[in-house]
Amino acid sequence: MLKNLNIKKEYLLIAGSVLLLLVCYRFSFSHTVDAWKLRRELQQKITQAGDLTYQPGYLERKDNNLDHIIARFKIDTATMRSNMITTIALQAEKLNVRLSRVPVQPSSAPDDKYIIQRLDFEGDFFSLCKLLQQLQSTDGTGLIRAVDFVSGKTIGGNTETKVLGMRVFVAVIK
């Protein structure tokens, strides 16, 4: 069919190139040009609006949120041990977990802003996991820094029983 038409191949090449260019523009280049125009308009609006980095309402909300988060992990150091340990022991008792050991003196963190308290629990795995989840969500118990699961044996009478233990390191802001 093309042989019957007396069209030069150069013209067909030019027409095909123009057609290909139009198709490319329609499907890809036009989106890029539109995005570039939108960016230019938004840049102009930003320069007209002035300095948008200073937003007192946003900064106030952010400050209140940070204060709330810090208050969640901040405890009075004088009553910290008794209140925290009482709260944790009650939660553990509800889940049939035993608070087996609390060291006498808590250790300080290297930056001296935190007190690290170690707590040892004994119980079954699922109860220990539930207790860990409750400790993370309860206010006034501090921030859980590390958790270790330890397997041990206890000798009671004539039998030995395997006990699963969990060491929890809780950080409290001074």
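To put it simply, the accessible area of the range 10-53 at a 1.4 Å probe is 68 percent carbon and sulfur.
The label-point distance for Glu41 and Thr86, in a model that sets each label 7 Å from Cα toward Cβ, rounds to 6.4 nm. Taking the Cα centre of the range 2-49 as origin and assigning +1 to Lys and Arg Cβ atoms and -1 to Asp and Glu Cβ atoms, the resulting dipole is close to 60 debye. Quick one: which of Lys130/Lys153; Lys94/Lys153; Lys130/Lys162; Lys113/Lys162; Lys9/Lys37 span more than 30 angstrom between C-alpha atoms? Beyond 30 Å between Cα atoms: Lys113/Lys162; Lys9/Lys37. Across the options Ala35, Ile14, Gln48, the greatest Cα extent toward the positive end of the charge dipole of the range 10-53 (unit charges at beta carbon of Lys, Arg, Asp, Glu) belongs to Gln48. Taking 0.36 nm per residue of sequence separation and removing the Cα-Cα distance, the Arg167/Arg101 pair yields an extension gain of 22.8 nm. Highest mean packing comes first when the peptides 95-102, 146-153, 114-121, 159-166 are listed by Cβ atoms within 10 Å, giving 114-121, 95-102, 159-166, 146-153. Accessible area per residue for the range 10-53 is 96 Å², calculated with a 1.4 Å probe on protein heavy atoms, without ligands, DNA or RNA.
The values are calculated or read from the model by the stated rules, or taken from the named source; none is laboratory data. Note that the coordinates shown come from a computational prediction; the quantities given were computed from them, not determined experimentally. Glycine gets a Cβ as well: all are built from the backbone with ideal geometry, and neighbour counts include every protein chain shown. The protein model used for the area step is the full one, side chains on, heavy atoms only, and it has no ligands, DNA or RNA in it. Shrake-Rupley method; radii C 1.70, N 1.55, O 1.52, S 1.80 Å.
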